[in-house]
Amino acid sequence: MIHLLNLNIDYKNIALLGILFTYGVTFLLLKFGTGILPRDGGREYAHDGKLSAGKPRGAGFLFVLVFAVSSLLFLPLKNEMIIYVILTLAAMLTGFLDDCSKSPWGELKKGLLDFVIAVTLSYTYYNFNSSTIQIPFTDTAVTLSPIVFIVLGTVLVWASINVTNCSDGVDGLSGTLSVITLLTIYAIGNILKTDRDSNYFILIMVSCVMSYLWFNATPSLMIMGDAGSRALGLFISIAILKTGSPLLYIPAAFMLIIDGGLGLIKVFLLRFCKIRILKNTRTPLHDHVRKNSNWSNTQVVFKFAIIQLIISFTLIWLLP
């Protein structure tokens, strides 16, 4: 919106202003505005889940709102970007309503809502871009049929929402891994020369999450809840799709996938295929290492982050 004012300010400086504005407003809202958030009841099934009881839950509601406002204020108002902001808000709201609910929503209800959002996002990307994807580390581009692309895109978006959501269970973990993943995608975008609006879009979300992490480091003062984790998962899928090379999602979000995805695979195989795997492994993986390896919350965050950083640096180094 600021671009419409025809101010004599360089685009790069407008983006920087947006990033700083986002961090500051998010910080103030999280510091003084959590009174409107529901309180966590402590999760019985999670290791040390009771320690979260009483903390403000659903902080994602606040930082995603700031993300939406900042994006519309400081980035050019393109229809594609506006739809992405609306879909991110939709993912946040479905999560926030679940956070506020006295009884957790069922898997079917959340899964169907995620599916609708994922299909809409996949179709939106195809409509404004194409069904051509770049194969990583090669000069090969493959054009898929629209239906195949939308189906695969829906799978990517749905998976990203849910693995990010499942990784949210240790102070600072999901936010830290999401920041590393988004900055990795930002670097990929610069290497592959994606449009600058998409890259600044990423930095605005990173600024929100970094402000949230100020309050979420162990011992945390608040929890992002499904409102934050689902919106972050959706946004990560938007960011990787905009690189034109969606297969890079696997290395860029490796620790989110391993931490949050193992449980989804375990449940899927048991429920639909009657195959039992990882019998002695608790999922999400962060619960396993805390319970079975006696890792502290800080050790989980640092060690998972270090692994992801090594993978990310290797990925960025190897990209042509």
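Within segment 195-217, the only residue that satisfies the criterion of being more than 19 Å from V170 (Cα to Cα) and part of a loop (DSSP other than H, G, I, E, B) is D195. Take the residues of segment 122-161 that are part of a helix (DSSP H, G or I) and small (G, A, S): which is surrounded by the most Cβ atoms within 10 Å (Cβ to Cβ)? Among them, the one singled out is S160.
Residues that are within 22 Å of the chain's Cα centre (by Cα) and either surrounded by 20 or more Cβ atoms within 10 Å (Cβ to Cβ) or over 20 Å from L262 (Cβ atoms) (or both) within segment 303-320 comprise F304, Q308, L309, S312, F313, T314, L315, I316, listed in sequence order.
Looking at T154, T120, T132, can you tell me which residue is farther than 30 Å from S220 by Cβ, over 19 Å from the mean Cα position of the chain (by Cα) and at pLDDT 95 or above? Answer to the check: T132. Sub-6 Å Cβ pairs linking a first residue in segment 218-240 that is touching a residue at least 60 places away in the same chain (Cβ under 8 Å) and assigned to a loop (DSSP other than H, G, I, E, B) to a second residue that is hydroxyl-bearing (S, T, Y) and surrounded by fewer than 24 Cβ atoms within 10 Å (Cβ to Cβ), at least 6 apart or interchain, are T218/T298; M222/T34, ordered by first then second residue.
Within segment 186-197, residues that are under 17 Å from T138 (Cα atoms) reach partners that are assigned to a helix (DSSP H, G or I) and of a type in the set (S, T, Y) with beta carbons closer than 7 Å, at six or more positions or on different chains, in the pairs G189/S198. One residue alone among S174, S131 is of a type in the set (S, T, N, Q), in contact with a helix residue (DSSP H, G or I) (Cβ under 9 Å, 6 or more places away or on another chain), touching a residue at least 40 places away in the same chain (Cβ under 8 Å) and closer than 18 Å to I238 by Cβ, and that residue is S174.
Here S237, S229, S178 are screened, and the one residue that is more than 25 Å from L28 (Cβ to Cβ), modelled with pLDDT of 95 or more and of a type in the set (S, T, N, Q) is S237.
The values are calculated or read from the model by the stated rules, or taken from the named source; none is laboratory data. As the structure is a prediction and not an experimental result, all values here were calculated from the model. Note that each Cβ is placed from the backbone with ideal geometry, even for glycine, and that neighbours are counted across all protein chains shown.
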